[in-house]
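Chemist: One structure follows; several queries about it will come next.
The values are calculated or read from the model by the stated rules, or taken from the named source; none is laboratory data. Computed from a prediction, not measured in an experiment: that's the story for all the values here. Heads up, the Cβs are rebuilt from the backbone with ideal geometry, glycines too, and the neighbour counts pull from every protein chain shown. Accessible surface areas use protein heavy atoms only, side chains included; no ligands, DNA or RNA. Shrake-Rupley method; radii C 1.70, N 1.55, O 1.52, S 1.80 Å.
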Amino acid sequence: MQRKDFQALGACLAVIAFFAFVPGALDAFKAATSRFPYIMSFIKFAILATFGECIGLRITAGVYNRAGFGLLPRALVWGILGVGIKMAFTIFSIGAPAFLAELGLPVDLTTIKTGSFGLRLLCAFSISITLNFIFAPIFMTLHKVTDAHIMATGGSVGGFLKNRIPFVQILTNLNWDVQCNFVFKKTLPLFWVPMHTITFLLPAQFQVLFAALLGVALGTILALAAAKSLKKA
């Protein structure tokens, strides 16, 4: 490990220590998340998922940031995507149990909190699998488009905002082999479905913390997928 790695690790430990040992810090964070869920989702993903991409860059290129990487536009995009993720969590956590109820299963919106473990697991799995196979492919592809646009505009906020995103061009040139065979076929069923099943089994106050960790993992996985795509291009 190099000095920059110890600095990054120290920053992470400092944040953990702040919430662990500062009286009221964690309660204040949970209260803010409950009162301003979409603002907090923006902040959480802007920081944590971007940090995950920095980790991915460290793994693949040996640095946490570099010219053209676009740290600020990436944080902006992740913040907006975080709002979409929060919205999807709300939609699917209501819709999936409702679908199970329409199939005749003894579940409702309270089952995920008060039902037996078997029914809670079924609800959590149904939320996770519908979320990941309906919403996630579109979300991940949109991230690839914005990522390509950030790189094409030099990694600056101004360049990202001033230039129209060429969706057709980017989608046409996207490495669909990696996107389908790695991102969709491997990370969705093998990582995201079980991880989100665990997420929806947790009490509400711990879901935020677990989702924050997944935000780091998400940025890391997508960054590594981008590197994999470049190698195959």
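Chemist: Which distance in Å, rounded to a whole number, links the C-alpha centroids of region 63-125 and region 1-58?
Modeler: Cα centres, region 63-125 to region 1-58: 20 Å.
Chemist: Modelling each spin label as a point 7 Å along the Cα-to-Cβ direction, I'd like the K113/F36 distance in nm, to one decimal.
Modeler: 2.4 nm
Chemist: Give, as a single signed number, the net charge of other residues whose beta carbon lies under 15 Å from the beta carbon of L81, with Lys and Arg counted +1 and Asp and Glu -1.
Modeler: Summing Lys and Arg as +1 and Asp and Glu as -1 gives +2.
Chemist: When the chain is modelled as a GNM with alpha-carbon springs shorter than 10 Å, which of R74, R66, R120 fluctuates the most?
Modeler: The residue with the greatest mean-square fluctuation here is R66.
Chemist: For the chain, with the dipole built from +1 on Lys and Arg beta-carbon atoms and -1 on Asp and Glu ones, taken about the Cα centre, which of T187, F89, M1 lies farthest toward the positive end?
Modeler: M1
Chemist: Okay, moving on. Positive end of the dipole of the chain, charges at C-beta (+1 Lys, Arg; -1 Asp, Glu), about the Cα centre: which of P37, V15, F69 has its Cα farthest in that direction?
Modeler: Final value for the positive-end residue is F69.
Chemist: At 1.4 Å probe size, with the rest of the protein present, what percent of the exposed accessible area of the chain is carbon and sulfur atoms?
Modeler: Taking all protein chains in place, the chain shows 72 percent carbon and sulfur surface.
Chemist: Net charge near P203: determine it from the other residues with C-beta under 15 Å of the C-beta of P203, scoring Lys and Arg +1 and Asp and Glu -1.
Modeler: Result for the neighbourhood of P203: +2.
Chemist: Using a 7 Å offset from the Cα along the Cα-to-Cβ direction at both I134 and D5, what is the distance between the two label points in nm, to one decimal?
Modeler: 4.3 nm
Chemist: What does the C-alpha gyration tensor say about the overall shape of region 1-61? Classify as rounded when a/c is under 1.5, otherwise prolate if a/b is larger than b/c, or oblate.
Modeler: Working: a/c = 5.48, a/b = 1.53, b/c = 3.58.
Oblate, since a/c reaches 1.5 and b/c is not below a/b.
Chemist: What ranking do 78-85, 138-145, 27-34 get when scored by the average of other Cβ atoms within 10 Å per residue, highest first? Write down the numbers at each step before the final one.
Modeler: Working: 78-85: 20.2, 138-145: 17.6, 27-34: 14.6.
Ranking, from highest mean packing down: 78-85, 138-145, 27-34.
Chemist: Calculate the dipole size of the chain relative to its Cα centre from +1 charges on Lys and Arg beta carbons and -1 charges on Asp and Glu beta carbons; express the result in debye to the nearest 20. The partial results should precede the final answer.
Modeler: Details: 19 positive and 7 negative charges, 119 e Å.
Charge dipole, the chain, about its Cα centre: 580 debye, nearest 20.
Chemist: Could you work out [θ]222 nm for the chain from helices alone, using -39500 (n - 2.57) per DSSP H run of at least four and dividing by all its residues? Round to the nearest 500 deg cm²/dmol.
Modeler: -24500 deg cm²/dmol, from helical runs alone.
Chemist: May I ask you to derive the FRET efficiency for K162 and I43 from their Cβ-Cβ distance with R0 = 35 Å, giving the value to the nearest 0.05?
Modeler: Between K162 and I43 the formula returns 0.90.
Chemist: Kindly rank 169-178, 126-135 from highest to lowest mean number of other beta carbons found within 10 Å of each residue.
Modeler: Ranking, from highest mean packing down: 126-135, 169-178.
Chemist: How do the peptides 92-104, 47-59 rank, highest first, by the average count of neighbouring beta carbon atoms within 10 Å per residue?
Modeler: Descending packing order for the listed peptides: 47-59, 92-104.
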